[in-house]
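Accompanying notes for the structure given below.
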Amino acid sequence: MSVIQDSVVTAWREMAACHAAACAALEHELGERHGLGVSDFEVLERLAESEGRKFRAQDLAEAVHLSQSALSRLVDRLARHGLVERCNCDSDRRGIYVVLTEAGERRHAEAVPTHRDVLARLLPASMLSAASSAG
């Protein structure tokens, strides 16, 4: 294997390890402090950032890297806890919107500091400086 291939594989493994550590810490801390999983938080985050606090379900699944069925189960769970609602799409009767509720906004706002703290602690400094330069 060439030096370039070795460095690519090493970089990939470091990134995968960083991702796994961050996901595990987020799962633990968001769960303990806020009763949310990583995917729960990501859905609430995307909804909170979106115009009208809503997202078409199909687009939301793609944005959070979940299958339609996995997102459906997650949305069912969040809806049972009053954090989101499903609404029909006016322009397409087959389309469904997922809408953030006031309770969902509050839970998201409470969880944001925990989420950001975990990421700040676990992401490599080079990644954080690159992100702040790009933004």
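Just need a number here: residues in segment 35-52 that are small (Gly, Ala, Ser) and either part of a helix (DSSP H, G or I) or surrounded by fewer than 14 Cβ atoms within 10 Å (Cβ to Cβ) (or both).
So the count comes out to 4.
For segment 53-79, the set of residues classified as out of contact with any helix residue (DSSP H, G or I) (no Cβ under 8 Å at 6 or more places or on another chain) and either outside any helix (DSSP H, G or I) or in contact (Cβ under 8 Å) with a residue 12 or more places away in the chain (or both) consists of ARG56, HIS65, listed by residue number.
Would you confirm whether or not segment 92-101 contains a residue that is in contact with a strand residue (DSSP E or B) (Cβ under 9 Å, 6 or more places away or on another chain), on the phi > 0 side of the Ramachandran plot and surrounded by fewer than 17 Cβ atoms within 10 Å (Cβ to Cβ)? No: zero hits.
Scanning segment 7-28 for residues being closer than 16 Å to PRO124 by Cβ and among the charged types (D, E, K, R) gives a total of 2. Among residues of segment 92-135 being in contact with a Leu (Cβ under 9 Å, 6 or more places away or on another chain) and among the small types (Gly, Ala, Ser), the one that is modelled with the lowest pLDDT is ALA131.
Inside segment 22-52, can you point out the residues that are aliphatic (A, V, I, L, M) and touching a residue at least 40 places away in the same chain (Cβ under 8 Å)? Those that are aliphatic (A, V, I, L, M) and touching a residue at least 40 places away in the same chain (Cβ under 8 Å): ALA22, ALA25, LEU26, LEU30, LEU36, VAL43, LEU44, LEU47, ALA48. Just one of the listed residues (GLU14, GLU32) is of a type outside the set (Val, Ile, Thr), surrounded by fewer than 15 Cβ atoms within 10 Å (Cβ to Cβ) and either modelled with pLDDT of 95 or more or not in a helix (DSSP H, G or I) (or both), and it is GLU32.
The values are calculated or read from the model by the stated rules, or taken from the named source; none is laboratory data. All of these numbers come straight from a predicted model, not from anything done at the bench. Note that we place each Cβ from the backbone using ideal geometry, even for glycine, and neighbour counts take in every protein chain shown.
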